[in-house]
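Comments concern the structure below.
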Amino acid sequence: MTNVRVTITLHAGRPDCHFVIAILLIAFTGLLSAQTEPQGPIGPPAKLAPVRIEKKSSPPKLTDPVPTFRDIAAQAGLTASHISSAEKHYVVESMSGGIGLFDCDNDGKLDIVMVNGSSVDRYKQGGDPLVTLWHHDADLKFTDITQKAGLMRKGWGMGVAVADFDNDGNLDLFVTGYGGNALYRNKGNCVFEDVTEKAGVRGGGFSTGAAWGDYDRDGNVDLFVSRYVHVDINHLPEFGSTKFCHFKGAPVQCGPWGMEGETDLLYHNRGDGTFEEVSKKAGVDDPDQYYGLGVTWGDYDNDGWPDLFVADDATPNHLYRNNRNGTFTDEAMVAGIAMNSEGQALGSMGVTWGDYDHSGRLSMFVTEFADQPNTLYRNQGARGFEDVAMQSHLGQPSLPYLGWGTTFFDMENDGWLDLFVCGGHVYPQMDTVKGSAAYAQPMLLHRNLRNGTFEEVSKASEIADMPLKSRRGAAFGDIANNGNVDIVLLNVGEPPSLLFNTNSAKNHRVLFHLIGTKSNRAAIGARVTVHAGVTQFDEVRGGASYLSQNDLRLHFGLGSASKMESVEVRWPSGRTEALKDVAADKIYTIVEGQGIQDSAPFNDLPAHLP
Amino acid sequence: MTKKFTIAFIAIFVLALLVALVGAAAPANPQEAARLNNIGVAYMNQQLFEKGLKAFEEAAAKDPNLKVTALNRGVALLNLQRVEEAKALLEKASKDDPNDPHAFYSLGLYYKNSSDPEAAVADFRRVTEIDPNDADTWYFLGSTYAQLKQFPEAISAFEHALKIDPLHASAQFGLARAYQQSGQADPAHEAMKKFQYITQNKLGSPISLAYGEQGKYSRAEESPVAAEKVLPQIPVKFVDVTKGAGLTSRPSVRPTKDGASFAGPGACFLDYDNDGNIDLFLPDDGTQGSMSLYHNLGNGKFEDVTKNRPCRKSRQSHPPSPQ
């Protein structure tokens, strides 16, 4: 991910040396001649909409105050720590892990699952329980129920993703890990059964990202798993040993550069509790073995079929377009989303889809390695994606930092998606290297200015005052059920953070809890479009951000609109439902084919906020 | 005693006053300014932009006439995201010296990354007038046109960059994207294949957006004052390691008196096997009967691999053409 510009210096002293130059030139004859000659007959341009450049007006004055966030993790009882070695001598020690928000007992309150991580030494002794699960008792108080919940399988946890794979009404938990994954079937009331082997999803290797999506729309949600590099725990490349184990002159862990990558996995859900690994047949196995990390499904081409984005570290990203027949075509290069606009394959980590510009299309935001801007790929429709990292002003503040967990979310409920990014280096050794951001890094909060650009508001939101840490996963959801989106963060080797959103803007908002009947029960892939002054949409996703799980309920800020003119639900089954004149400020439960089945008011801010 | 102390005290005071006065009225100190400026450049190279800015400000205080410090302050401020101050300084610098490409280039990058790509086009065009042979400028000009959806202009600028540097990976990528976005799938495909050929064979790398890597005119500039007057005297010694490095297998035709073996027509360093270590190629100077190829073993030593490699005057040694 460091950019070394290779220069071949030719010292042409006498004519003989010209011969060497000639060798080089002849070697690239095809390249050179084609370069300077016309590009052959230019076919008629494909039918594209006429180019329209929107003149960017000066940003409107935003009247809503920037919400402030408070870390209430300790008071909330989130005291168990993620596990990690201090020195991180091996790449496998730097990548964990994710964090998730889901309601494991259907009591309407979000519970929290954190990946535990491990270390090489501990893994050789059997590893650590993959996750910690906290039950949300009431009023932002949580209890560690990992043991009672039956989540004691040991290993080396990396990421989490949630769906209801057996359509029994209880949300199930998938955990990726180095050396094997785990699938925990929820029997109800947050009691889980380890069905990994029976389901056939143990996998292996260095699994990182996971995302549930019903790509064949058969009502059974399928599972994609990305994998990173090949690591043999008994033959680990020695810290600082080769040129691939140095960064900015300092000896560091080896990789991913110079290491063999791993293929990716797609598990088709047979609907009988078992899965079939079909990545090759489906064309998503990644034979190039790029270094896969964050993954997420999203219908970027608006054809009703879920497509898949895979963020690859130091290698080009994948964008698998759903061919609607069980196979996919990687469109990333053609669509301009494999690399940034300079053609650099960035160190891509976390991912989020969002219609931040109300274009009716999902754009993709990717967090990147140090000295690289976090990248916003604006979805232009038929013209593909455009890298607007710098034009959107998301790239500049992120340049020194290494970004991980991220999600588009509406922090002040004004109807426009904002962005949060947490950071942290992979190398603790950077603390003593001049010209590098340190290991512990700040978080970035970007407010949507509604003209395609963002303003960095970390100071105003007070997250700039929080301690610097090396963070990884970030999960977003309304933990207090008060209509504001909160954030939980995985801090490497430390207990998590819970950033409580104290938004005081009096904007209206709404939450939709979707339940599929013909579609998969957790409604993964369902799209809700809300018309309330402006038109917004979002989709239910089982896995996103960096190896993390966001609230499955869809949240929309509605600004001053106290009701929605209409709400459309497009279920994965293909069924659509339209609801008219829906009042704002409620948590709605919509059942496929049955409309709104339940509504609950939002809580007030807890008076006794810890 | 007291009197002596008083006199001494007054003397010291007067002396101090004199020093202060002389200091305040000190004439511009171009060498000290240049030294401070160059320290600032070094800080910038370590991405310590605050420290760089401070050094440039100190340099400007020593010699307000040192033009380069104004430019460099602008570059530092730009990297510190203090864009309004940066813009003002850079615009002034571009007016003060309209034949220096640096300020125009930085302004071009700034406008490209803000909401004014048209202004960026004007600035990059100005740079191409001053220096028509900088591929990076043509690349960014093309990239800005692409941003403006002026794809024919973008294609033309990218092709210009590639004429100057056929291995300019970013220009090749930009060309592919511009064709793609203007609906010309076939040339887009061709251009993308070339891009992949360039990058996969490590013939060129794309431009990075980190400081200093967006083209030579994007960096803070060292002072034109002669370096030997400015830089501290660091003892630099060159030691002949030819023998120890194993570069002696080639018959020496004109041994120099200090024992160096080579007196050929030149030497070419290149990493022929992409292992990250620069190898050494020596052409035949007419007396050897053969060219020589030394493989860099990465430990300060070279191995003569002339015989192992197809290193003859033949066209057999082409790398594969782009598929």
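Any read-out appearing in this document is the output of simple, stated calculations on the displayed coordinates, not a laboratory observation. Keep in mind the model is a prediction, meaning the values are calculated, not measured. Counting neighbours? That spans all protein chains shown, and the Cβs are built from the backbone with ideal geometry, glycine included.
Among A:HIS135, A:HIS318, the ranking by other beta carbons within 10 Å of each residue's beta carbon, starting with the fewest, stands as A:HIS135, A:HIS318.
Grab the other residues whose beta carbon is less than 13 angstrom from that of A:MET466, score K and R as +1, D and E as -1, and report the net. That works out to 0. Computed about the Cα centre, the dipole magnitude for the range B:26-218 is approximately 340 debye when only Lys and Arg (+1) and Asp and Glu (-1) carry charge, each at its Cβ. For chain A, the relative contact order comes to 14 percent (Cα pairs under 8 Å, sequence separation of at least 6). Step through the table entries A:LYS248/B:LYS67; B:LYS54/B:LYS87; B:LYS67/B:LYS216; A:LYS459/A:LYS506; A:LYS154/A:LYS187, compare each Cα-Cα distance with 28 Å, and write down the pairs that go over it. Table pairs above 28 Å Cα-Cα are A:LYS248/B:LYS67. Listing A:PHE69, B:PHE302, A:PHE602 from fewest to most neighbouring C-beta atoms within 10 Å gives A:PHE602, B:PHE302, A:PHE69.
To the nearest ten degrees, helix A:15-27 and the longest principal axis of the Cα atoms of chain A are 40 degrees apart. Here chain A is scanned for GluC sites (Glu not before Pro) in DSSP loops (not H, G, I, E, B) that have at most 15 other Cβ atoms within 10 Å, and the longest stretch holding none of them is A:261-610. Taking all Cα-Cα distances within the range A:250-334, those exceeding 23 Å account for 28%. Sequentially through the range A:431-447, phi angles give Karplus couplings (6.51, -1.76, 1.60; θ = phi - 60°) of 4, 10, 9, 5, x, 10, 5, 6, 5, 7, 9, x, 9, 10, 10, 10, 8 Hz, Gly and Pro residues having no value and appearing as x.
For the range B:28-40, putting each phi into the Karplus relation 6.51 cos²θ - 1.76 cosθ + 1.60 with θ = phi - 60° gives couplings of 3, 10, x, 5, 5, 4, 5, 4, 4, 4, 6, 5, x Hz, in residue order, rounded to whole numbers and with x for Gly and Pro. Average projection, convex hull of the Cα set of chain A: 29.3 square nanometres. Close amide-amide hydrogen proximity is noted between A:ASP313 and A:TYR291, A:GLY292, A:LEU293, A:SER348, each under 5 Å apart and 5 or more residues distant or on a separate chain (H modeled in the peptide plane; Pro and chain starts excluded).
Histogrammed with a bin width of 10 Å, the alpha carbon distances of the range A:275-390 distribute as 15, 50, 30, 6, 0 percent, first bin at zero. Between A:THR146 and A:LEU133, the built amide H atoms are under 5 Å apart, and every one of these is 5 or more places off in sequence or on another chain. Residue-wise HN-Hα couplings along the range A:116-128, as the Karplus relation 6.51 cos²θ - 1.76 cosθ + 1.60 with θ = phi - 60° gives them from phi, are 7, x, 5, 8, 4, 4, 5, 5, 5, 8, x, x, 10 Hz; Gly and Pro carry x. Under the convention that each Lys and Arg Cβ holds +1 and each Asp and Glu Cβ holds -1, the size of the dipole of the range A:83-163 around its Cα centre is about 340 debye. Near A:ILE479: Cβ cut-off under 9 Å, other residues only, Lys/Arg at +1 and Asp/Glu at -1. The net charge is -2. Sorting A:CYS190, A:CYS245 from the fewest to the most surrounding beta carbons within 10 angstrom yields A:CYS245, A:CYS190. When the helices of chain A are scored as -39500 (n - 2.57) per DSSP H run of n ≥ 4 and the total is divided over every residue, the value at 222 nm lands at -1500 deg cm²/dmol. In the range B:26-218, the convex hull through the Cα atoms has an average projected area of 11.1 nm², a quarter of its surface area.
The residue among B:HIS102, B:GLN150, B:GLY174 whose Cα reaches farthest toward the positive pole of the charge dipole of the range B:26-218, with charges on the beta-carbon of Lys, Arg, Asp and Glu, is B:GLY174. Diffusion coefficient of the range A:236-290 by Stokes-Einstein, Kirkwood radius over Cα pairs, 37 °C, 0.692 mPa s: 240 µm²/s.
What whole number of Å gives the distance from the Cα centroid of the range A:106-179 to the Cα centroid of the range A:534-605? The range A:534-605 and the range A:106-179 have Cα centres separated by 26 Å. Between A:ALA584 and A:LYS563, A:MET564, the built amide H atoms are under 5 Å apart, and every one of these is 5 or more places off in sequence or on another chain.
For the range A:121-177, a Kirkwood hydrodynamic radius built from all Cα pairs, placed in the Stokes-Einstein relation at 4 °C and 1.567 mPa s, yields a translational diffusion coefficient of 101 µm²/s.
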